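The block underneath contains the structure these notes are about, expressed in structure tokens.
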Amino acid sequence: MNMAKLEMTVGVFMLIGILCLGYISIKLGKMEIMGGDYYAVSAEFDSVSGLKPGARVEVAGVEIGKVDRISLDPKSGDRAVAHLKIKTGVNITDDVIASVRTSGIIGDKFIKLKPGGSDRFLTNNSKIRETESAIDIEELVSKFIHGKV
């Protein structure tokens with residue numbers, strides 16, 4: 001009888017430990033179980049070279065969302081569409097400029113939003129009209145080497 005109690009106690013503690021480990025993994029990994037508290041916005045770019053899903057979206061250096069996914073524009077087929085998830089409660093003007101930037105000299109790519117002066121705000125499934133693509137360093141070096149600058 002005493003051995004059964006001990007095994008039951010160890011089993012309960014193991015179950016609690018596994019549940020705590022799962023919770024910490026989800027929180028530290030910034031995973032979302034129920035979709036999170038975001039609204040969707042998209043932006044078309046000529047090039048999003050190096051940008052990956054999960055990259056941060058910033059305004060004035062403050063992270064306000066992340067890149068959900070990246071796809072090709074089905075209409076033109078030659079432009080990239082970045083689908084962004086912006087935290088609910090963050091108001092972005094409809095004349096915002098989205099640009100693909102690099103953090104540091106060889107850092108990760110992210111999207112920087114520069115707000116405009118409009119009184120209207122983006123809503124769920126809105127589209128950012130003004131964008132600036134990533135600077136392709138290899139292309140610039142190639143032009144410099146071949147004297148086309």
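Every number in this text was worked out from the coordinates using simple rules, so none of it is lab data. Small disclaimer: the values here were computed from a predicted structure and weren't measured. Every residue, glycine among them, receives a Cβ derived from its backbone with ideal geometry; neighbour counts consider all protein chains shown.
Quick check: net charge around ALA43, other residues with Cβ under 14 Å of its Cβ, Lys/Arg +1 and Asp/Glu -1?
Value of the local net charge: +1.
Across segment 101-149, how large is the tail of the calculated P(r) beyond 19 Å, expressed as a percent of all Cα pairs?
Here the long-distance tail beyond 19 Å is 51 percent of all Cα pairs in segment 101-149.
Measure nothing but the geometry: give the 0 to 90° angle between the long axis through the Cα atoms of 2-28 and the longest principal axis through the Cα atoms of the chain, rounded to 10°.
10 degrees
For a quick check, take a GNM of the chain with Cα springs below 10 Å and name the residue from VAL62, VAL41, VAL81 with the largest mean-square fluctuation.
VAL62
Which entries of LYS52/LYS75; LYS85/LYS143; LYS114/LYS143; LYS27/LYS109 have Cα-Cα distances beyond 31 Å here?
Listed pairs above 31 Å: LYS85/LYS143.
About the Cα centre of the chain, how large is the charge dipole given +1 on each Lys and Arg Cβ and -1 on each Asp and Glu Cβ? Please answer in debye to the nearest 20.
Result for the chain is approximately 240 debye, rounded to the nearest 20.
Using the C-alpha gyration tensor of segment 38-136, what are the square roots of 5 times its eigenvalues, in whole angstrom, with the largest one first?
19, 16, 12
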